[in-house]
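Engineer: Below is a structure I'd like to ask you about.
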Amino acid sequence: MVYVIGCHLTEFNRRKDGSSYRDWVCETFEASLAMSSLERKDIDTLIISNESDFFTFQLNPSTVIADDLGLHKVEIVRVEGGGASGQLAVHQGVKSILSKKSQYVAIIGFDPSASYLPSETVKQLYSNSFDSLTDGMNGVTATALYALSIQLFMKKTGLNETDLANATINNRNNALHNPSAHLKLKHNQQEIFASPVISSPYRRLHCSPLSDGAASLILSNKKPLNRISAPNIIGIGSANDMVNLGARDDIGEFVSKKEAMKKASSMAGIRANEIGFAEVYDAYAGAQFQAIKALGLSSDFLKDFRDGHFSLDGKLPINISGGLMGQGAPVGATGVGQTATCAMLLEGKYHKNLQIKNIPKFALADTHGGVGTLSAVSILKSNI
Amino acid sequence: MKISKKIELNYNISFGKMSKWLTGLTEGFALALKCSLCEKVSFPPQKICTCGSYKNSWIKLSGVAEIVTITSGLDGNYGLVKFEGASTLTVVKLNNFKGTETFGKILKSSSQNPSIIITPTEVK
C-alpha cells in the first residue's frame, strides 16, 4: 500500500518578494516532513519535477535541491513530462514504493514560471513544448492550439461560451476561499465577455495564469501510528496521444486522458462514477469539460454542469482548490499540488470554507501536458 | 536581491530526415510522407505511420488546403486545415484571412523559419 503521510502547497502566485524557487522547495518540504512526523534521515528517495531548465536557470536542479534539503546518499530522480510532470513524479513515487525499492519518498514539484522570465519569453518557450519543428516554427501558442481543439469539442457537444464563462466564475469563486491561490477573483459574465480575445473562443479570463510555487508529498509504505487517517494512492495511469493535433483520431477529445483513467481505475479496482470529487487540469476553461468527459466522471457532463453538480456543494465537486484557473499553475508543482489537495480533502484537513463535510471514499487528480498530449491521473482513497 | 541575466542561445539545428520537408516549406511547396503499406498521407510528415509501417515515400501535394476551423485574436490567426491529398489535418498560420474564406494555398516561408503558412485562394 502507498500512504500519503505528508503534503503541502506553498502559495501559488507571482513572487515579488525576491524569494527563489529554492526557498519555496525548502518551505514545502519542511512542512510535509513535519506533517509526516518523519526525520530527514528517514527519506530514502527524492523525486523532483519541474518543466524546464530555461525557467530555473539551473541544469540538473535535483542535486542542488537535495543539498538544500539536507538529503544525502538518497536515490534522486527528476521527472519531466511538460504540464504532466508533477503527476508523473507522483506515479514514480508510487512505483518506487510498490517495487519495494523505497520506504519513504519525498516528491517535490516546483517552477518559477511567472517571475523569472518575461511572459513573452515564456510564451515563446511554450511554443517549443509542442512539436518544435512544426508548431514551434509557426509560433503557434498554447492558447491557439487549445482553442482549435475546444472549437471542435464545442461543435460536437453543444458546450457554449456561457458555459466557458460560468466554469471560469466557479473556479475563481472557489479560489476566493483558498489562501494559497493565485487568482482570488470574483467575476461576472459581463467581465468575462468583455475581456480580450486571445485565441477565439478563449478570452484572457478563460486562461490559467503562469505562477510561481512549489508543492510536496511524502509517501510511505506503511501507515504511521499517529496518522491513521492518512489516505492511500490506489491507482495511477498515464497515456499519450499524437503531439500534432491534426494527426489525432479525434482532435476535440482528450483520448490520452480516457486511456490514463482506464489504467488508473483498473489498478484501483473502482469505476469512474465512484469518484467523489476531482481536481482536473483546467489550463483553459474549456479543457475542464474536455477532461470531465474523457475521464468518464459524468454520463452527461453538460447537463450535470448546468445543474450545478460540479460546484462546491454539488454531487461531484470539481476543482475545489480553484483549479489551475484559480489556484494557479507553477507547472512542475501542479500535479503534485492537485494530489496534495485531494489528500488533504480526504483527510478533512483542507481550507475551512472549502473542506467537504461528507468526505467521499475516492478522489481523482488529473494532469496533462500539451493539449491533452500526455495525461497522468491518480486515484486516492480515504481512510476516515 | 535580484539580478538580471541575459543569455543568447545561437542554435545550429539539424533536421535529418525532416530537412527535405522543411526545405519544401521555404520553397513554397508541401511535401508529405505516403505510407507504402496503407497509403495514408501525413502532413506534417510522420516518420512511422499509425498502421505501424516505417516504409514510406515523399510526395508533393498541390499546396491547396480547405479550412476546417480557425482561431484568431491577440495570439495571431491559426487554423486547422485539410491539405488536398493529405489524410491528416494540419495546424497552419493564416496570412491575410478575414474569416470567411474556405480555401488557402501554401506560402513560401523564410529559410530561417520554415513554417506552414497559407494565404486565401478562391479556387480549389
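The values are calculated or read from the model by the stated rules, or taken from the named source; none is laboratory data. No experiment lies behind these values; they were computed from the predicted model shown. When we count neighbours, we look across all protein chains shown, and the Cβ atoms used for this are built from the backbone with ideal geometry, even at glycine. When the accessible area is computed, the model is the full protein with side chains, heavy atoms only, and any ligands, DNA or RNA have been set aside. Shrake-Rupley method; radii C 1.70, N 1.55, O 1.52, S 1.80 Å.
Engineer: If you average the sequence gap of Cα pairs under 8 Å that are 6 or more apart and divide by the length of the range B:16-120, what percent do you get for the contact order?
Structural biologist: Relative contact order comes out at 26 percent.
Engineer: Taking H placed 1.01 Å from N in the peptide plane, check which residues at least 5 places from B:N56 or on another chain put their amide H under 5 Å from its amide H.
Structural biologist: B:S36
Engineer: OK, next. Quick one: accessible surface of A:M267, probe radius 1.4 Å, all protein chains present, in square angstrom to the nearest 10.
Structural biologist: Its heavy atoms expose roughly 90 Å² to the probe.
Engineer: Just tell me which aspartates and glutamates come within less than 16 Å, Cα to Cα, of A:K263; anything on the same chain fewer than 8 places away is out.
Structural biologist: Here the aspartates and glutamates satisfying the reach criterion relative to A:K263 are A:D241, A:E274, A:D366.
Engineer: Additional query: Is there a simple number for the mean count of other chain Cβ atoms within 10 Å of the Cβ of residues in A:246-258, and what is it?
Structural biologist: 3
Engineer: How large is the accessible surface of A:F362 in square angstrom, using a 1.4 angstrom probe and rounding to the nearest 10?
Structural biologist: My reading of the accessible area for A:F362 is about 30 Å².
Engineer: Ranking request for peptides A:213-219, B:37-43: highest mean number of other beta-carbon atoms within 10 Å first, then the rest in descending order.
Structural biologist: Per-residue mean Cβ counts within 10 Å order the peptides as A:213-219, B:37-43.
Engineer: Please turn the phi angles of the range B:36-52 into ³J(HN,Hα) values with the Karplus equation 6.51 cos²θ - 1.76 cosθ + 1.60 (θ = phi - 60°), one per residue in order, whole Hz, x for glycine and proline.
Structural biologist: 6, 8, 9, 6, 5, 10, 10, 8, x, x, 9, 4, 10, 5, 5, 7, x
Engineer: Here's another thing I want to ask about it. With each run of n ≥ 4 DSSP H residues scored as -39500 (n - 2.57), what mean residue ellipticity at 222 nm is computed for chain B after dividing by its residue count and rounding to the nearest 500 deg cm²/dmol?
Structural biologist: The per-residue figure over chain B is -2000 deg cm²/dmol.
Engineer: Oh, and also: Do you know the relative contact order of the range B:43-93, to the nearest whole percent, from alpha carbon pairs under 8 angstrom that are 6+ apart?
Structural biologist: Answer for the range B:43-93 is 32 percent.
Engineer: Shifting gears a bit: Using a 1.4 angstrom probe with every protein chain in place, what is the largest-first accessible-area order of A:D241, A:D17, A:D366, A:D131?
Structural biologist: Solvent-accessible surface, decreasing: A:D17, A:D131, A:D241, A:D366.
Engineer: Round to the nearest 10 and give me the degree value, 0 to 90, for the angle of helix A:331-346's Cα axis relative to the longest principal axis of chain A.
Structural biologist: 70
Engineer: In addition: Tell me, what HN-Hα J-couplings in whole Hz come from the Karplus equation 6.51 cos²θ - 1.76 cosθ + 1.60 at θ = phi - 60° for each residue of the range A:88-93, using x for Gly and Pro?
Structural biologist: 5, 5, 4, 4, 4, x
Engineer: Do you know the relative contact order of the range A:40-100, to the nearest whole percent, from alpha carbon pairs under 8 angstrom that are 6+ apart?
Structural biologist: Relative contact order of the range A:40-100: 42 percent.
Engineer: For the protein assembly as shown, can you list the cysteines whose C-beta has no other cysteine C-beta under 4.7 Å from it?
Structural biologist: If one checks each Cβ against the other cysteines of the protein assembly as shown, A:C7, A:C26, A:C207, A:C342 turn up with nothing under 4.7 Å.
Engineer: Let me ask something else. Taking only Cα atoms, what is the 0 to 90° angle, nearest 10, from helix A:255-268's long axis to the longest principal axis of chain A?
Structural biologist: With rounding to tens, the tilt is 40 degrees.
Engineer: Counting partner chain Cβ atoms within 10 Å of every residue's Cβ in A:130-136, what's the average?
Structural biologist: 5
Engineer: Moving on. Calculate for chain A the 222 nm mean residue ellipticity that helices alone would give, adding -39,500 (n - 2.57) per DSSP H run of length 4 or more and normalising by residue count, nearest 500 deg cm²/dmol.
Structural biologist: For chain A, the value works out to -11000 deg cm²/dmol.
Engineer: Quick one: dipole size for the range B:16-120, taken about the Cα centre, charges +1 on Lys/Arg Cβ and -1 on Asp/Glu Cβ, in debye to the nearest 20.
Structural biologist: Approximately 340 debye in magnitude.
Engineer: Still on this structure, I have one more. How much accessible area per residue does the range A:4-107 have, in Å², with a 1.4 Å probe?
Structural biologist: 41
Engineer: Here's something else I'd like to know. Interface size between chain A and chain B, please: total buried accessible area, 1.4 Å probe, rounded to the nearest 100 Å².
Structural biologist: The buried area between A and B, both sides summed, comes to about 2600 Å².
Engineer: Rolling a 1.4 angstrom probe over the protein chains, ignoring ligands and nucleic acids, what is the accessible area of A:L312 in square angstrom, nearest 10?
Structural biologist: Ignoring ligands and nucleic acids, A:L312 comes out at about 60 Å².
Engineer: Any chance you could check the range B:86-111 for residues losing 50 Å² or more of accessible area when the partner protein chains are in, compared with the chain on its own (1.4 Å probe)?
Structural biologist: B:V91
Engineer: Among A:H8, A:H368, what's the order by accessible area (1.4 angstrom probe), most exposed first?
Structural biologist: Descending order: A:H8, A:H368.
Engineer: Taking the Cα centre of the protein assembly as shown as the origin, how large is its charge dipole in debye, to the nearest 20, when only Lys and Arg (+1) and Asp and Glu (-1) carry charge on their Cβ atoms?
Structural biologist: 560
Engineer: So which lysines pass the test for A:K16, namely a Cα distance under 25 Å, with those fewer than 8 places away in the same chain ruled out?
Structural biologist: Output for A:K16: A:K123, A:K184, A:K186, B:K2, B:K5, B:K6.
Engineer: Could you sort A:T168, A:T157 by their accessible area in this structure, using a 1.4 Å probe and putting the largest first?
Structural biologist: Result of the area sort, largest leading: A:T157, A:T168.
Engineer: While we're here: Once neighbouring chains are kept in place and the probe is 1.4 Å, which whole percent of the accessible area of the range B:16-120 is contributed by carbon and sulfur?
Structural biologist: 50
Engineer: Within 10 Å of each Cβ of A:145-156, how many other protein chain Cβ atoms are there on average?
Structural biologist: Mean number of neighbouring Cβ atoms from other chains: 3.
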